[in-house]
Amino acid sequence: MVVGTEMARVLRELSSGPGPGLIGGDPRECARVLGVDGVAVSLAVDGALSELVWCSPGTSERLDDEQFTLGEGPGIDAVGSGALVIEPDLTQVRPDRWPMLLPVLAALGVGSLFCFPLRIGGACVGSLTAQRAAAGPLSDTAMDDALVLAAAVTAVVLDGGGRAVRFSGAEPPTHVHRAVVHQASGMISVQAEVTVAQALMLLRAHAYRFERPLLQVAEGVVTRRLHFRHHGDGPGPSASKGDDGRG
């Protein structure tokens, strides 16, 4: 597999140059080389949570946050299966595949998605997602470049950022994009007497019900304005007067 000259430069910066989050280089330049509008790298955490560590600003960041909130999407599928998720025309995707995410993608103006798992043998530690407003496949060169990029990102994560996949509970590193979500999930786990994965589901359901950003609802939990108690009929939220986690 031959890597293009421009992608070779991106790969050099990835491992040596400073950049946002745990990965070096410029994701906007990476997107330009691949011929897409944006890219994002999200890591799997404890097999249930995910952490955005590198992305182009704007739509890619919003897309990753929406996947995280709704619990469905190409990145989640790629991590779960360890396989490529390639959708060159989202208007052709079955409505029942991502029933909650597809309307969001349409509203964001995303026309095509290309998701590459970050694999280490049989394990998958995250995903690299590229998105574009225009429908259509990646060129053969861009597809080869993206596959090499995914392997390089995996190596960088293991070398310098792999520690991000090991935290859990209520004390995540404060520099991560969704630290407040991880902290809130740990708190809800204790409050509602459920697992951390189930706590995240409760948090997502509350955010979806009130149409609030997940990070905003999580802040309500961390600041103790929103609580999840185990009632007689199961765990559920209770809030301070007039507070639904809006912040």
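Quick test for you: out of Leu113, Leu118, pick the one residue that is at pLDDT 95 or above and in contact with a strand residue (DSSP E or B) (Cβ under 6 Å, 6 or more places away or on another chain). Give the derivation first.
Values: Leu118 fails: at pLDDT 95 or above.
The unique qualifying residue is Leu113.
Just to be sure, is Ala48 modelled with pLDDT under 85 and closer than 20 Å to Cys124 by Cβ? Outline the logic, then answer.
Numbers: modelled with pLDDT under 85: yes; closer than 20 Å to Cys124 by Cβ: yes.
The answer is yes for Ala48.
Test of understanding: among Asp89, Asp26, which residue is farther than 20 Å from Pro137 by Cα and in the same structural domain as Val156 (by TED's automatic domain parsing)? Break it down into steps so the answer makes sense when it comes.
Working: Asp89 fails: farther than 20 Å from Pro137 by Cα.
It is Asp26.
Here's the yes/no breakdown for (1) touching a Leu at 6+ places or on another chain (Cβ under 9 Å); (2) more than 25 Å from Val217 (Cβ to Cβ):
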site	(1), (2)
Asp26	no, yes
Leu34	yes, yes
Val53	yes, no
Asp65	yes, no
Leu84	yes, yes
Leu101	yes, no
Cys115	yes, yes
Arg119	no, yes
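State whether the residues of the range 44-51 include one that is assigned to a helix (DSSP H, G or I) and in contact (Cβ under 8 Å) with a residue 24 or more places away in the chain. Break it down stepwise before answering.
Here is the first cut: in the range 44-51, the ones assigned to a helix (DSSP H, G or I) are none.
Among the residues of the range 44-51, not one is assigned to a helix (DSSP H, G or I) and in contact (Cβ under 8 Å) with a residue 24 or more places away in the chain, which makes the answer no.
Out of Ser81, Ser127, I need the residue that is within 14 Å of the chain's Cα centre (by Cα) and among the hydroxyl-bearing types (Ser, Thr, Tyr). Which one?
Ser127
May I ask you to verify whether Asp37 is more than 13 Å from the chain's Cα centre (by Cα) and either of a type in the set (A, V, I, L, M) or modelled with pLDDT of 90 or more (or both)? Talk me through it step by step, then tell me what you get.
On the way: more than 13 Å from the chain's Cα centre (by Cα): yes; either of a type in the set (A, V, I, L, M) or modelled with pLDDT of 90 or more (or both): yes.
Yes, satisfied.
The values are calculated or read from the model by the stated rules, or taken from the named source; none is laboratory data. Since the model is a prediction, treat every value here as computed from it, not as a measurement. With ideal geometry, Cβ positions are generated from the backbone for all residues, glycine too; neighbour counts draw on all protein chains shown.
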